[in-house]
Structure formats: structure tokens, C-alpha cells
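The values are calculated or read from the model by the stated rules, or taken from the named source; none is laboratory data. Please read these numbers as outputs of a predicted model, since none were measured by experiment. Please note: Cβ atoms are built from the backbone with ideal geometry, for glycine as well, and neighbour counts cover all protein chains shown.
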Amino acid sequence: MAQYSAELDGVFVALADPTRRGVIRRLGRGPTSVGDLAREFPMTLPSFMKHVRTLEANGLIRTVKLGRVRTCVLNRDRLALVDGWLAEQRRIWEERTDRLEHLVTDPKEEQP
Amino acid sequence: MNPDLDLTLQRVIRAPRAAVWSAWTDPSRFEKWWLPAPTVCRVDRLDVRSGGALVTRMSDDGVVFVPHLDASFLVVDELERIVYTNAIDSAWRPANPAPVPMTAEVTLSDHPDGTDYRMTVRHGDPAARARHEELGFFEGVGSVIKQLAVVAESQAVR
């Protein structure tokens, strides 16, 4: 299955933007309200919320609403997907195996 | 299995064992999956038998090829098992491969849906790993890893 690769793709897409990396970095210091976060980035609130939703959709952060305040929390388990040497080796082999699987299950490929 | 150095993976591949075996042993098929596009893989030697050579090159433009892998098969059991290492090159000379010495073991067995495909990749010692990191292994995802390091550091402070 390409499940693992798809999850990694999402994480890398989410991290491939300076604003979103800035949010991750900021949340590394602790949970922060959306309002406080938004003030640190020079853009409109709707634009900022798009980034928050991308991070949330890919599981890098979660948001919790308490009363009228929505707070963002870093999901460290998710970051661990791309953090570290062995994880990188795992990514290489998982993706390589995805390609092998694709080749041998593709009806267009000539089977032996 | 050393969880700090080794990794395992397991898949059920919906194809017969012979098809998976052929993807590992037929150079024209091996080239199609070994490296991620757009990098082009070219097999120089794929002698899938115990002691046989596994030598590949790679290219970004399909014209200029540079060395990729120079390794030896340790154990090959037809349709069942392939073990290779880059710690011994294709001339059986002890090697210090970049990024790190490793042994990869692939086992194939029948599964009702196709092939039960399992891998164990055993990596070299921690010193080799440290050297590997010094060599800038993370270049490809450098900016991401730097960001992650910042997160990890701030985590440590908390």
C-alpha cells in the first residue's frame, strides 16, 4: 500500500511553506491561540487560517476550541514521521517498495 | 533486529511471487522501480546469485550517469529470499559505502492475495551513522530538518 508515502507526502507539503514552518516552530514553544499566532504573521486572518487548516488536515497540529478561543497544539508524533535518520531510511524503502508494488500490479506491464 | 539501527517492512503485494522475483532479477524491470523519477536508473550488473554483483548507476538527465550502488548478493534462494550488502563491493572488496553500510534481506512467500513481501534492513554501527550525518545526509530535505531541529530544541527547553 502507498499509505505511508501518502501520509509523508502530506507532511512534506504542509512543511513546504515558510508560514507553516513558522507556525510549527512557534507551537514548539507551547499551545497558542489562533489569534495570537495570526498576529505574528503579516497576512490577513483568512489567509492565515488557510495555513492552519493545511497543517491540521495533514495532522501536524490539532486545534481545540475553548469558549470563544481556538487554540493550536503541535502534534509531535506526526513530526516524528520525518524526524531522524532511520525514519529517512524507512521512507526511502517504503517508497521504493511502493514503486515495486506498482510495477508488478500494473496490468500494462508485461508479466513473466 | 536492533530497533535503533534496523528497519522492517511488510506488504501483501497483489501479484504472484514470480512477478515480484522478476522485478528484482530482470534488469529492465529492476530499473523501473529502484530509483524515484525523474532520476533514471541503469543496471550495470544484476547477477542475482550468492556472491553475485549488484551494480547500478543513476542519472538526472538520462545522458550522464554516475555511480549509485556497488554491492554483492550474500544469499539468494530462488523465488524465496534475496540478501545483499553494500559493505562488500561487487569485487568482494570491503567497502565504506555512502551513505552507510547496510544489509538488506527480502523474503517472499505465498499469500492468498498474492505475495507476502517482507524486508529487514540492517544498518552499520552508530559511529558510521554519526559520520553519515556529518556528511550532510539530510541535504535533500535540509530546510525541513533544520526547522525540525528548532522544534526539537524548543521541546527540550520546555
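Name the single residue that is farthest from the chain's Cα centre (by Cα) among those in region B:1-20 being in a strand (DSSP E or B) and either hydroxyl-bearing (Ser, Thr, Tyr) or more than 9 Å from every other protein chain (Cβ to nearest Cβ) (or both).
Residues of region B:1-20 in a strand (DSSP E or B): B:6-13.
If we keep only those that are either hydroxyl-bearing (Ser, Thr, Tyr) or more than 9 Å from every other protein chain (Cβ to nearest Cβ) (or both) too, we end up with B:8, B:10.
On the way: B:Thr8: 12, B:Gln10: 15 Å.
Restricting to residues being in a strand (DSSP E or B) and either hydroxyl-bearing (Ser, Thr, Tyr) or more than 9 Å from every other protein chain (Cβ to nearest Cβ) (or both), the top hit is B:Gln10.
Condition first: closer than 13 Å to B:His68 by Cβ and surrounded by 17 or more Cβ atoms within 10 Å (Cβ to Cβ). Now tell me which residues in region B:84-105 satisfy that. Lay out the reasoning, then the answer.
Going residue by residue through region B:84-105, those that are closer than 13 Å to B:His68 by Cβ are B:86, B:89-90, B:97-99.
Across region B:84-105, the qualifying residues are B:Asn86, B:Asp89, B:Ser90, B:Pro97, B:Pro99.
B:Met58 passes all but one of (1) within 10 Å of chain A (Cβ to nearest Cβ); (2) part of a strand (DSSP E or B); (3) without any contact (Cβ under 8 Å) to a residue 60 or more places away in the chain; which number fails?
(1)
Hey, can you tell me all the residues within region B:88-112 that are modelled with pLDDT of 95 or more and not in a strand (DSSP E or B)?
Passing the criteria: B:Asp89, B:Ser90, B:Ala91, B:Trp92, B:Arg93, B:Pro112.
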